[in-house]
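The next block holds one structure in the form of structure tokens; read it before the comments.
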Amino acid sequence: MRRIELGFHCNNACRFCAPGTLRTELPQHELAAIEREVSSIQTGDRVAFVGGEPTLLEGLPGWATLARERGAWSVMVQTNGRRLSEAGYAHSLVAGGVDVLDVSLHGANEAMHDYHTTIEGSFRETVLGLRRARAAGLTFGITTVVTRSNYRHLPEIVHVAHTLGARAIHLALVEAVGDAARCADQLVPPRELAEPFLARASARARSLGLVAVLGGDLAQTGAPRTFAGRGRAEEPVGGERRHLPVAPPSGE
Ligand code: SF4
């Protein structure tokens, strides 16, 4: 997968944002650098445009077109999905050559999702965006960051993802990096409490015919091609990155 970073500017301000201070320090990459990167795509590449929030850059559909002209096999956008709520925007991505989205959804309802993004109304926009993406013919997976505030509701989030038309769901345990490192005690769930809910969410996904990927390295898990994985994070203070121990629930 060729990940093309478009910068870190974002219209959400998630409590656990791994890029953290990069959102203000490196809001947008040089357009010339992005175009150079896109121009180096080779036939058969799978491309993922990632941020920050890639849909905030007006050049995105055009870069997708250039990627296709260079022979990209697939063009993904990793997004919080809010801009997809604008009428016609999903169609403009499809017309540009985008075929897959990796969309973040962190709650089964407005209160739960907006608590994590800290942006009131973000759930409504993301849900409307996903409906419009589906209507435009885009395939998408859902990425959910698992925290103390949503781990008990993972089966419900799986249900919402399925209802909206997701092909797969990635349940990614929060890591204490970036903004999350500054409030890890409020965000990181006790592993022994989270694991049964991960197992239930996985079982719910299977019963609905949805692929569930539980944490870990996406490249190693044989995850479907709807996920771009986590990108660059703010450098951890003292050079130490703290992870929530990740182990698939028994039976996985
Ligand atoms: S986690 Fe993603 S959607 Fe949330 S603020 Fe950071 S870059 Fe934006």
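Residue under question is His113, and the condition is that it be open to solvent by 40 Å² or more (accessible area, probe 1.4 Å), part of a helix (DSSP H, G or I) and out of contact with any Ser or Thr (no Cβ under 6 Å at 6 or more places or on another chain); does it hold?
Judged against the criteria, His113 is not a match.
Which residues, taken from the stretch 210-231, are over 19 Å from Leu101 (Cβ atoms) and either open to solvent by less than 40 Å² (accessible area, probe 1.4 Å) or at pLDDT 85 or above (or both)?
Leu214, Gly215
Can you go through Val103, Val98, Val77 and tell me which one is in contact with a helix residue (DSSP H, G or I) (Cβ under 9 Å, 6 or more places away or on another chain), part of a loop (DSSP other than H, G, I, E, B) and under 30 Å from Thr43 (Cβ atoms)?
Unique residue meeting the criteria: Val98.
Across the stretch 56-86, which residue is nearest to the chain's Cα centre (by Cα) among those that are farther than 25 Å from Thr144 by Cα, surrounded by fewer than 24 Cβ atoms within 10 Å (Cβ to Cβ) and among the aliphatic types (A, V, I, L, M)?
Ala72
Which one of the conditions (1) modelled with pLDDT under 95; (2) open to solvent by less than 10 Å² (accessible area, probe 1.4 Å) does Leu101 fail to meet, given that it meets all the rest?
Status for Leu101: all satisfied but (1).
Only residues in the stretch 17-45 that are closer than 19 Å to Val177 by Cβ count as the first member; pair them with residues that are among the aromatic types (Phe, Trp, Tyr), Cβ under 6 angstrom, at least 6 apart or cross-chain, and list the lot.
Listed pairs, sorted by first residue: Pro19/Phe8; Leu22/Phe8; Arg23/Phe8; Leu26/Phe8.
Can you pull out the residues in the stretch 137-155 that are in a loop (DSSP other than H, G, I, E, B), away from the ligand (no atom under 16 Å from the Cβ) and buried (at least 18 other Cβ atoms within 10 Å of the Cβ)?
Leu138
Looking at the stretch 1-20, which of its residues are open to solvent by 50 Å² or more (accessible area, probe 1.4 Å) and within 21 Å of Ala184 (Cα to Cα)?
Arg15
Step by step: first the residues of the stretch 3-54, then only those that are β-branched (Val, Ile, Thr) and under 24 Å from Glu175 (Cβ atoms), then the one that is nearest to the chain's Cα centre (by Cα). Which residue is that?
In this case the residue turns out to be Val50.
If we keep just the residues of the stretch 1-51 that are in a helix (DSSP H, G or I) and closer than 24 Å to Arg225 by Cβ, which is nearest to the ligand (Cβ to nearest atom)?
Here the answer is Ile34.
Condition first: away from the ligand (no atom under 16 Å from the Cβ) and either touching a residue at least 12 places away in the same chain (Cβ under 8 Å) or in contact with a Leu (Cβ under 8 Å, 6 or more places away or on another chain) (or both). Now tell me which residues in the stretch 158-185 satisfy that.
Val158, His159, Val160, Ala161, His162, Leu164, Gly165, Ala166, Arg167, Ala168, Ile169
The values are calculated or read from the model by the stated rules, or taken from the named source; none is laboratory data. Just so it is clear, the structure is predicted and the values come from calculations on it, not from any experiment. Methodologically, a virtual Cβ is constructed for each residue, glycine included, from the backbone with ideal geometry; neighbour enumeration extends over all protein chains shown. The area values use the complete protein model at the heavy-atom level, side chains included, leaving out ligands, DNA and RNA. Shrake-Rupley method; radii C 1.70, N 1.55, O 1.52, S 1.80 Å.
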